[in-house]
């Protein structure tokens, strides 16, 4: 492929993937990451015809999962490559043999661990994942990425199920792992804390959504129309901040309609105290 064709190809890809590609080449890391480099382009090809529930390209999810791993301090090539490839088996984009041939046994084993097998329960899957610390990290990064894209996309029942599953299986798994794998305790704790924080936001969102739904149901029971939502219009362009001259100063100063209003109110308040001030002066005399 000629240089121009390569440049056109790169510019047509998501910026996130370009960042991962540059990083894995060694431009941002102390050593190159050949497995991650290969996977960063491989997932774009494998997931090119897929979309997420929000309509975005599916390749954005594995890229985000990899970025999360980097953000918590993971620099292991096999782990980072596995974050990019973690959905390839589940989505029937690659099989175990291909991953072992194109990458290595470690990457293939990690991807196998985080792939939910037909008929396998979530509990059994977690037990398989816990046997390998790198698989735990990949699963934690995957879960954090998914949690961050649920609001406004998934239904409330689905969000509640996913949140409940995270609290029941994923968080306890991370908590156990930080004690049994001391060498990885920092990234594991970072993942655990990040998941806990986003779960608080999700719980608040679900609670508010359910309250609104209950309110609507009560209104419908009494045949009461839903209240109209009044939206505050945006400020017209002609009311944007302007530079107006100041009568008391040769310099110019920035004022706004709100500033004019405040200025008038302040003048009004001041004028209300003038008679009292005159009266006090009269008493002094």
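Odds and ends about this structure:
- Test: residue in segment 207-220 that is closer than 29 Å to residue 134 by Cβ and touching a helix residue (DSSP H, G or I) at 6+ places or on another chain (Cβ under 8 Å): no
- In the set 170, 136, 151, 159, only one residue is surrounded by 13 or more Cβ atoms within 10 Å (Cβ to Cβ) and closer than 19 Å to residue 85 by Cα; that residue is 136.
- Looking at segment 36-135, the helices (runs of 4 or more DSSP H) lying wholly inside it that each contain 3 or more residues that are over 23 Å from the mean Cα position of the chain (by Cα) and within 22 Å of residue 193 (Cα to Cα) sit at 122-129.
- Long-range neighbours under 6 Å by Cβ, at least six apart or interchain, first residue modelled with pLDDT under 95 within segment 137-156, second assigned to a loop (DSSP other than H, G, I, E, B): 153/53; 153/54
- Residue in segment 11-31 that is at pLDDT 75 or above and buried (at least 18 other Cβ atoms within 10 Å of the Cβ) present: no
- Cβ-Cβ distances below 8 Å connect no pair with a first residue in segment 86-111 that is more than 13 Å from residue 43 (Cβ to Cβ) and outside the structural domain of residue 48 (by TED's automatic domain parsing), a second residue that is at pLDDT below 95 and surrounded by 23 or more Cβ atoms within 10 Å (Cβ to Cβ), and a separation of six or more residues or different chains.
The values are calculated or read from the model by the stated rules, or taken from the named source; none is laboratory data. Computed from a predicted model, the values in this text were never measured in an experiment. With ideal geometry, Cβ positions are generated from the backbone for all residues, glycine too; neighbour counts draw on all protein chains shown.
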